[in-house]
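Working notes, beginning with the structure itself.
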Amino acid sequence: MNRHPSSNVDVCVVGAGPAGALVANRLADRGADVVVLEAGPRFDDQDEARMERALRPDVPNHTVWEMGGERDVFSSSGDRFYPLNASRVKGVGGTTNHWQGMVMRLHERDFSGENLGSAWPLDYQDLRPYYLDAERAFGVAGASDNPFAPPREEPHSMPAFPPSYSDSLFAEACEQVGVATHSVPNARNSEAYDGRSPCVGYGTCKPVCASGAKYSADHTIEQAEAKGVRVVDRAPVQRLETDSSGKRVAAAVYATPDGEAHRQEAEVFVLAAGGVEIPRLLLLSASDQHPDGLANSSGLVGRYFADHLFAGMGGVLDEPTRQKHVGFITTESHQFYDDPGQGTREISATDADLAPIKLEFLNYAGPSPVGEALAANEWGDALLTSLDERYGNHVAMGALVGQRPRIENRITLDPSTTDDHGNPVPDVQWSLDARTRRTLERANEIQRAILDALGADIRWAVGPENTGPAFHHTGTARMSDDPAAGVVRPDLRTHDVSNLYLPSAAAFPNPGSMNPTLTIGALALKCADHVTARL
């Protein structure tokens, strides 16, 4: 394709994931001339070889989406190793190419800072109309039956997916211990919606939805292109250049596969490249006017990196549980979100200071039957008998726990290691505090009570010592009213640079404990309205 710059551009968007796609599409609706620069490729949704790799349990998820190699090198010098490439995707659609697809709104207590500290300079009501618009754009199936969720304006776009068979088993145990359950809003079609088919139950949701029923941002990119938006793939932005005043971005300098460098000029620039690449690009854009990095007069670019931590527990029952029939979560409990220390009939209360807990009932516990078959040294009836004995009676629970943002957790540059264009790679400096550890222990306590009531033989647990991230990168360009306390204003414009906007989880002052993509979508649509108003 022609990867030379466009002329007379109103807005240059960096990144073609959900934030960039929604910004570009809404701006196109308002008549703006938009160019999107995407570092990765455009994927072929009919790529049968990709689907075959996705089905093989011995193939790491990140390699299915061509992550790894010199382009994606990173460092992790913090207390805990952070496996950055395990879940991100560079390419049109971004990480929504293989996300879980769960879409929840943050709670009022998240915005106020009561749950995790660091209040937002917005409240729930400010984002409420944009949450609804984002749900319509994604296509969300939900029952609107969550008694712990913030208030809604209207039902979800589609009916919820029914509870799975194992959900029904968990429901009885939860009733016994006094835990309320409810459906999960999913950005996947329970019926035909927005030109995409309903879910047909392949069960390969992560890493590949072969039917297109699960939302991915390449769908919105196609809609934007039909309205005149130009998308340039394999065009990684190397730095942003400002004008002589240092107060406006003049151009995005990007590379192309032929080894050339180009300058894309525009009236407004929108960085939508995620919570790691956004601070990296701002730091790479240091200049005489911005010696510590672009938009970094506060010194907080890259600071306050936070993620969600996983707590889990699982085992086996003396009966079939029908796991692996559904590739996504259909039941959760947010009972312990705003009040994680509360007691129930079978779970003791605790007075400890805790983070929000989002409980999940997993539909994909136990070994993969495909993996078991491939690893077995058996054939025919003998193999079938072995599979019957090893597969089909597993159950498991998960949970997300949010971190309180801490200034020492950060994304910075590692000048000792460079990428395929000679730029310093991102260095993730990440650690856990005592409050997060206590909350992971609390999540395990609740999970154990439910699994005991279910009669499960518990075989494994993930808690404070062996936890891992959910790969929800937040907080590295935080939102604030005070320029000294953050990087972007409540309208998503940077404090220091008058035509630079950052609609991203990077702007989250705290991450809550909910999956972040719906909030990212809401911020993107809000940002597009602010950009429209200034054009």
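Output ³J(HN,Hα) for region 460-469: one whole-Hz value per residue in order, computed from phi by the Karplus curve 6.51 cos²θ - 1.76 cosθ + 1.60 with θ = phi - 60°, and x for Gly and Pro.
Karplus values, whole Hz, x for Gly and Pro: 8, 8, 10, x, x, 7, 10, 5, x, x.
Non-local amide H neighbours of Ser6 (under 5 Å, H modeled in plane, Pro and chain starts lacking H): which ones?
Amide H neighbours of Ser6, under 5 Å, 5+ apart: none.
Please list, ordered by chain and number, the residues whose modelled amide H lies under 5 Å from the amide H of Thr474; skip anything fewer than 5 residues away on the same chain.
So Thr474 has HN proximity to Ala306.
Need the C-alpha centroid separation for region 173-238 versus region 281-350, integer Å.
When both Cα centres are located, 19 Å separates them.
Mind grabbing the accessible area of Lys206 for me, 1.4 Å probe, Å², rounded to tens?
Accessible surface of Lys206 is approximately 80 Å².
How much FRET efficiency would the formula 1/(1 + (r/R0)^6) give for Asp79 and Ala382, where r is the Cβ-Cβ distance and R0 is 41 Å, rounded to 0.05?
Efficiency for this residue pair is about 0.30.
Taking only the alpha carbons of region 93-195, what extent do you get along each of the three principal axes, in Å, biggest first?
42, 41, 27
Which number do you get for Rg(Cα) / (2.2 N^0.38 Å) in region 177-242?
1.65
Using the Cα centre as the reference, give the magnitude of the dipole from point charges on the C-beta atoms of the chain (Lys, Arg: +1; Asp, Glu: -1; all else neutral), rounded to the nearest 20 debye.
780 debye
log10 I(q)/I(0), Debye, Cα-only region 1-125, no solvent, q = 0.18 Å⁻¹?
-1.16
Can you give me the relative contact order of region 26-159 as a percent, contacts being Cα pairs under 8 Å and 6 or more apart?
It comes to 16 percent, rounded to a whole number.
With point charges of +1 on the Cβ of Lys and Arg and -1 on the Cβ of Asp and Glu, referenced to the Cα centre of the chain, which listed residue (His394, Ser190, Pro18) lies farthest in the positive direction of the dipole?
Result: Pro18, furthest along the dipole toward the positive end.
Take every Cα pair under 8 Å in region 290-430 that's 6+ residues apart, average their separations, divide by the length, and report that relative contact order as a whole percent.
34 percent
Counting only residues 5 or more places away or on other chains, whose amide H sits under 5 Å from the amide H of Leu413 once H atoms are built in the peptide plane?
Here Asp427 satisfy the definition.
Suppose only helical runs count, i.e. DSSP H with n ≥ 4. What mean residue ellipticity at 222 nm does that imply for the chain under -39500 (n - 2.57) per run, divided by all residues and rounded to the nearest 500 deg cm²/dmol?
-7500 deg cm²/dmol
In whole Hz, what ³J(HN,Hα) sequence does region 344-360 give by Karplus (6.51, -1.76, 1.60; θ = phi - 60°), x for Gly and Pro?
Along region 344-360, the couplings run 10, 4, 10, 10, 5, 7, 9, 9, 5, 6, 10, 8, x, 10, 10, 7, 10 Hz.
From the phi angles alone, apply the Karplus equation (6.51, -1.76, 1.60; θ = phi - 60°) to region 248-262 and give each ³J(HN,Hα) in whole Hz, x where the residue is Gly or Pro.
3J(HN,Hα) across region 248-262, in whole Hz: 9, 6, 9, 7, 9, 8, 10, 9, 10, x, 7, x, 8, 10, 9.
Per the Cauchy relation, a quarter of the hull surface: what is the mean projected area of the convex hull of the alpha carbons in region 281-368, in nm²?
For region 281-368, the mean projected area of the Cα convex hull comes to 10.5 nm².
Enter the per residue convex hull volume of region 433-507, computed from alpha-carbon coordinates, in Å³ rounded to the nearest integer.
Enclosed volume per residue, from the Cα hull, is 131 Å³.
Please report the relative contact order for region 169-212, taking Cα pairs under 8 Å with a sequence separation of at least 6, and give it as a percent rounded to a whole number.
21 percent
Can you report the principal axis dimensions of region 33-104 using only the alpha carbons, biggest first, rounded to whole angstrom?
If we take the Cα atoms of region 33-104, the spans are 40, 40, 34 Å.
Identify, among Ile278, Val326, His262, the residue whose Cα sits farthest towards the positive end of the charge dipole of region 244-363, taking +1 on the Cβ of Lys and Arg and -1 on the Cβ of Asp and Glu, with the dipole about the Cα centre.
Among Ile278, Val326, His262, the one farthest towards the positive end of the dipole of region 244-363 is His262.
I want the local charge near Glu225. Using Cβ-Cβ distances under 15 Å, sum +1 for each Lys or Arg and -1 for each Asp or Glu among the other residues.
Once positives and negatives cancel, what remains is -3.
Round to the nearest 10 and report in Å² the accessible area of Trp460, as given by a 1.4 Å probe over the protein chains' heavy atoms.
Answer for Trp460: close to 100 Å² accessible.
For Cα extents along the principal axes in Å, the listed values are (i) 83, 54, 46; (ii) 71, 54, 48; (iii) 86, 49, 45; which was obtained by calculation from the structure presented?
(ii)
The values are calculated or read from the model by the stated rules, or taken from the named source; none is laboratory data. Remember, predicted model here, so these are calculated numbers, not experimental data. Counting neighbours? That spans all protein chains shown, and the Cβs are built from the backbone with ideal geometry, glycine included. To get the accessible areas, we keep the full protein, side chains included, count just its heavy atoms, and leave off ligands, DNA and RNA. Shrake-Rupley method; radii C 1.70, N 1.55, O 1.52, S 1.80 Å.
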